[in-house]
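Input: a single structure, listed below in structure tokens.
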Amino acid sequence: MCGIYGMVNGHPVARDLVRGLGRLEYRGYDSAGVALMTEGRIARRRVAGRVAGLDESLDAMPLPGSLGIAHTRWATHGGPSEDNAHPHVAGRVAVVHNGIVENHAALRRELEGRGRVFHSETDSEVIAHLLDEALGAGSSPREALQGTCERLDGSFALGVLIEGHERLLAARRGSPLVVGAMHGGAVLASDALALADDAEGLLALEDGEVAELGRGGIEVFDADGLRVDRELAPMEADEVAERGDFDSFMAKEMHEQPEALRRALAHLGCRGIRWDAVDEVVFASCGTSRYASEVGAAWLRELAGLPARVVIASEFRYAPGPWSAAGPGRTLAVFVSQSGETADTLAAL
Ligand code: GLU
């Protein structure tokens, strides 16, 4: 998971991009970067480490430009370094990517075979090269993006900048991406919360959709390239997280636990589970969610007397094995993800 932010407007946007990234830093913070269209050319600044470092670098040496994309990374492929930080650039194209390109190795071999030179260890860089190749072959920016998305296996949310094109492009499959209209332009981000200060109306892109964002507004196209009419909606009040009187969001979340549990139980329909048909409970999760699952499994064993265990979703995904000696249909599987986006947990599900 990582954070993507993009903006097009009539004024210089570098500071807005960094401010937007700051709100997305919960999604990843091993490196950060921006790319801006400066006098028709792509100018890029990247740092290893947190968004504050990028802010300092832009303070010391500002980047002009009223069209830009930005990224705060949580590395999946390639270590956390400046070279691996997004945006990735190939020829006329700069790309920010959230997700995993599963077939990146095959695509990289293919692209290298055609003389393309890579500058990072990431899975994401193949996207920039595929786009640049398609543009070189005469495709329009949107056709190039649609064609590139078709070549990718896995999940992605993308923000794209193309030299000579005065609009931002966005696309998604599996990873979240929200676009919004603002006074004088448009914005995009990995989550609606990050747009709270900027967007007047927004919409969440559907899987397979491509959007073009310009100073005149937003156009959305489906996977077949047909224009779709999507209404921008004002932000829902509950999408705007307020810290209230609490010192931190963490303290607030801790105090919300009783209510959050009540709501979760009411919505999950746990009462509909036929416990007499359950011989075993298996949790699949990663990271902090795995610790939460261990607690859940221990309670089920101790309080309910039910066999319960935890599998790491990222391992299960590649080696599922038999789940239960009790046979199919008698194992209750529970998938836990705090963000709801953990790719390995979703794949296990
Ligand atoms: N897979 C990409 C990388 O490792 C994106 C990671 C992310 O979503 O943070 O650079």
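The values are calculated or read from the model by the stated rules, or taken from the named source; none is laboratory data. This is a predicted model, so every value here is computed, not measured. Glycine gets a Cβ as well: all are built from the backbone with ideal geometry, and neighbour counts include every protein chain shown. Side chains are part of the model used for accessible areas, which takes the heavy atoms of the whole protein and leaves out ligands, DNA and RNA. Shrake-Rupley method; radii C 1.70, N 1.55, O 1.52, S 1.80 Å.
Tabulated data
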item: Where the chain is the region considered: accessible area per residue in Å², 1.4 Å probe; result: 49
item: Pairwise FRET efficiency - residue 288 versus residue 105, Cβ, R0 = 25 Å, nearest 0.05; result: 0.25
item: Helical mean residue ellipticity (222 nm; -39500 (n - 2.57) per DSSP H run of 4+; nearest 500) of the chain; result: -8500 deg cm²/dmol
item: Cβ charges +1 (Lys, Arg) and -1 (Asp, Glu), total dipole of the stretch 89-227, debye; result: 340
item: Fully extended contour minus Cα-Cα distance, from residue 193 to residue 143, at 0.36 nm per residue; result: 15.0 nm
item: Estimated dipole of the chain in Debye, rounded to 20 [Cβ of Lys and Arg +1, of Asp and Glu -1, Cα centre]; result: 500
item: Loop trypsin sites (Lys or Arg not before Pro), the stretch 49-131, which have at most 13 other Cβ atoms in a 10 Å radius of their Cβ (DSSP); result: 114
item: Shape category assigned to the stretch 23-122 from the gyration tensor of Cα positions, a/c cut at 1.5; result: oblate
item: Pairwise FRET efficiency - residue 274 versus residue 230, Cβ, R0 = 41 Å, nearest 0.05; result: 0.50
item: Estimated distance in nm for a label pair at residue 338 and residue 207, the labels positioned 7 Å out from Cα along Cα-to-Cβ; result: 2.6
item: Extension gain from residue 265 to residue 60, taking 0.36 nm per residue of separation minus the Cα-Cα distance; result: 68.7 nm
item: Dipole axis of the chain (+1 Lys, Arg; -1 Asp, Glu on Cβ), positive-most option in 223, 305, 244; result: 305
item: Gyration tensor verdict on the chain (Cα atoms; rounded if a/c is under 1.5, prolate if a/b is larger than b/c, oblate otherwise); result: prolate
item: Full-stretch length increase - residue 74, residue 26 - with 0.36 nm per residue and alpha-carbon distance subtracted; result: 16.3 nm
item: Surface share of carbon and sulfur [accessible, 1.4 angstrom probe, percent] for the chain; result: 53
item: Whether the stretch 28-74 is rounded, prolate or oblate, judged on the alpha carbon gyration tensor where a/c under 1.5 counts as rounded; result: oblate
item: Among 89, 13, 1 the positive-end extreme of the charge dipole of the stretch 1-144 (Cβ point charges); result: 13
item: Within a Gaussian network of the chain (alpha carbon springs, distance under 10 Å), most fluctuating of 250, 37, 182; result: 250
